[in-house]
Amino acid sequence: MYLRLGELHAVVVSSADAAREVVREHDANFATRAMTAAVRATVGDKVGIVLSPHGAMWRRLRRICTAELLSARRVRSFRSVREDEAARLASAIATGERQLINVSELVSRFVSDTVLRAIMGERFRWRDEFMVTLAKAMTRGAEFGAADLFPSSRLLRAVNGAVRESRALNARLFELVDRAIDQRRGRKAGADAEDVGADDARDCLLDVLLRLQEHDDDLDCPLTMATVKAVILDMFGTGTSTTSTTIQWAMLELMKNPKMMRKAQLEIRHALRCKSRVTEDDLINLKYLKLVIKETLRLHPPTSVLFPKASQECCKILGYDVAEGMLMIMNVWAINRDPKYWVDAEVFKPERFEGTSVDFRGIDFQFLPFGGGRRMCPGMTLAHANIELALATLLHHFDWQLPHGVTPNEVDMAEKFGVDVHPKRDVYLCPVLVVPPEMES
Ligand code: HEM
């Protein structure tokens with residue numbers, strides 16, 4: 001589909017066939033994200049992996065992400081952090097048993113604490129301010145305003161209020177990252193040999209980045225402190241709300257489909273017996289839960305419309321001309337529901353993945369929740385580990401009831417479109433304790 005937005009020209013890729021052609025034939029051509037005027041005017045030298053244009057610096061950061069920060073080995077090293085936070089989640093819910101609780105809030109806290117501890121080795125004192133500022137900065141930075149639609153207008157650029165706000169939010173975020181670095185350095189310096197807990201002994205992502213930065217001898221693509229801080233912000237920005245949104249959608253779909261809820265719970269409870277704490281070893285054989293996660297990511301990909309990428313040279317997609325400079329917008333929401341590839345595409349049916357090899361690793365072009373090609377998500381393994389453990393914990397320990405008077409057919413599935421597509425209203429459910437968790441202080 002061709003779109004004209006003010007002075008901008010864009011092509012929207014919304015079928016699996018078009019996505020295949022873009023990723024297979026033109027990946028390098030569409031490997032640089034476009035920046036909004038507000039972001040362009042704000043970032044300066046503080047560019048991490050997400051905003052790096054395709055080139056040597058991006059390649060270096062991508063290698064650091066895949067080999068050092070988000071590798072399967074590193075994700076495994078944070079397993080006890082995830083299990084600890086999942087136990088806290090269960091314990092917090094058990095205290096509110098048989099009352100309506102805000103599942104969205106608890107799940108978001110689980111994800112942000114898990115990701116924060118992986119990044120900086122411990123809980124962050126300014127977590128709440130940090131998460132709120134980050135969400136505002138991302139929303140502001142991603143908005144295409146009048147100055148973006150009419151880039152030739154100097155007047156619109158001059159009066160662009162988003163720039164002022166973006167600069168202030170970004171400055172505050174970098175101050176908070178400075179505090180996170182100070183907190184980590186202080187902790188490392190202060191921890192004597194006997195006092196070293198598991199979190200101090202294990203390298204967190206900040207330790208890895210600071211070490212790479214201190215010993216950096218790459219003159220062509222130097223790893224500056226500004227880059228390190230921007231990468232840290234990228235990890236938070238990309239890794240938190242996408243993950244917690246997926247957990248919330250999965251819960252909503254299961255509440256809407258009680259038979260599927262029951263099937264998932266039986267599988268988990270059978271595997272775990274009456275264990276008071278869910279560990280990742282328990283998840284290995286949970287086949288149905290994995291199907292539920294896939295189907296949730298198909299129907300509710302958090303990044304439903306990928307951030308636009310700018311065409312570096314003219315090309316053709318499915319025979320249509322795409323000029324140099326034109327934006328390419330990938331509509332993952334539509335691709336994941338492409339009726340050519342999915343029977344009953346609008347229906348939540350985890351069983352559809354049973355016995356198929358269709359996966360979200362970027363090679364099945366009808367299913368691209370993590371994108372495809374060289375800019376696809378490097379955080380899949382971490383995301384999946386967090387989603388699976390959180391869902392298993394919620395379904396193992398509790399049965400769930402809808403608010404009084406609401407039937408499964410009336411579950412509120414309204415979407416709110418922002419940087420990601422999340423439930424419009426927070427998810428409120430009533431937990432009924434079935435398998436008591438260890439109570440955390
Ligand atoms: C359910 C959870 C997640 C979903 C659905 C998701 C999805 C995506 C998508 C669609 C992209 C853009 C792909 C493109 O433009 O072609 C992306 C990029 C990215 N994601 Fe994720 N993501 C998730 C979790 C995470 C996590 C946990 C991390 C790490 C902490 C992460 C790190 C990144 C990074 C660094 C990029 C930019 C890669 C680059 O530009 O080279 N994501 N993600």
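Quick check on the stretch 124-140. Is at least one of its residues more than 25 Å from Thr240 (Cα to Cα) and over 18 Å from the mean Cα position of the chain (by Cα)? Talk me through it step by step, then tell me what you get.
Here is the first cut: in the stretch 124-140, the residues more than 25 Å from Thr240 (Cα to Cα) are none.
The answer is no, given that none of the residues of the stretch 124-140 is more than 25 Å from Thr240 (Cα to Cα) and over 18 Å from the mean Cα position of the chain (by Cα).
The condition (being assigned to a loop (DSSP other than H, G, I, E, B), at pLDDT 85 or above and either surrounded by 15 or more Cβ atoms within 10 Å (Cβ to Cβ) or not β-branched (Val, Ile, Thr) (or both)) is satisfied by just one residue among Asp207, Asp182, Asp203, Asp178: Asp203.
In the stretch 210-245, what count of residues is obtained for those that are open to solvent by less than 30 Å² (accessible area, probe 1.4 Å) and touching a Pro at 6+ places or on another chain (Cβ under 6 Å)? Working first, answer last.
Our first condition is that a residue be open to solvent by less than 30 Å² (accessible area, probe 1.4 Å); within the stretch 210-245, this holds for 210, 221, 223, 226-228, 230-237, 239-240, 243-245.
Narrowing further to those that are touching a Pro at 6+ places or on another chain (Cβ under 6 Å): 245.
Total meeting the criteria: 1.
Residues in the stretch 41-53 that are more than 9 Å from the ligand (Cβ to nearest atom) and either farther than 19 Å from Ala226 by Cα or not in a helix (DSSP H, G or I) (or both): Gly44, Asp45, Lys46, Val47, Pro53. Given the criteria more than 16 Å from the ligand (Cβ to nearest atom), in a loop (DSSP other than H, G, I, E, B) and either buried (at least 21 other Cβ atoms within 10 Å of the Cβ) or not acidic (Asp, Glu) (or both), does Arg277 qualify? Against the criterion (more than 16 Å from the ligand (Cβ to nearest atom), in a loop (DSSP other than H, G, I, E, B) and either buried (at least 21 other Cβ atoms within 10 Å of the Cβ) or not acidic (Asp, Glu) (or both)), Arg277 qualifies. Within the stretch 328-352, residues that are more than 9 Å from Ser14 (Cα to Cα) and open to solvent by 10 Å² or more (accessible area, probe 1.4 Å) reach partners that are among the small types (Gly, Ala, Ser) and away from the ligand (no atom under 16 Å from the Cβ) with beta carbons closer than 6 Å, at six or more positions or on different chains, in the pairs Arg337/Ala345; Pro339/Ala345. Pairs linking a residue in the stretch 297-308 that is within 6 Å of the ligand (Cβ to nearest atom) to a residue that is open to solvent by less than 10 Å² (accessible area, probe 1.4 Å) and among the basic types (Lys, Arg), with Cβ atoms under 8 Å and 6 or more positions apart or on different chains, do not occur.
Only a single item in (1) open to solvent by 20 Å² or more (accessible area, probe 1.4 Å); (2) over 19 Å from Phe78 (Cβ atoms); (3) not in a helix (DSSP H, G or I) is not met by Leu266, and it is number (3). Scan the stretch 64-77 for residues that are out of contact with any Ser or Thr (no Cβ under 6 Å at 6 or more places or on another chain) and either of a type in the set (A, V, I, L, M, F, W, C) or under 12 Å from Leu209 (Cα atoms) (or both) and jot them down. Across the stretch 64-77, the qualifying residues are Ile64, Cys65, Ala67, Glu68, Leu69, Leu70. A count restricted to the stretch 353-383 and to residues that are in contact with a strand residue (DSSP E or B) (Cβ under 9 Å, 6 or more places away or on another chain) and either more than 8 Å from the ligand (Cβ to nearest atom) or aromatic (Phe, Trp, Tyr) (or both) stands at 0. On the basis of being more than 10 Å from the ligand (Cβ to nearest atom), at pLDDT 95 or above and open to solvent by 50 Å² or more (accessible area, probe 1.4 Å), does Asp321 make the cut? Answer is no for this residue.
The values are calculated or read from the model by the stated rules, or taken from the named source; none is laboratory data. Here the structure is a predicted model, which is why all the values come from computation and not from measurement. Every residue, glycine as well, gets a Cβ built from its backbone with ideal geometry; the counts of neighbours run over all protein chains shown. Areas reflect the complete protein model, heavy atoms only, side chains present, ligands, DNA and RNA absent. Shrake-Rupley method; radii C 1.70, N 1.55, O 1.52, S 1.80 Å.
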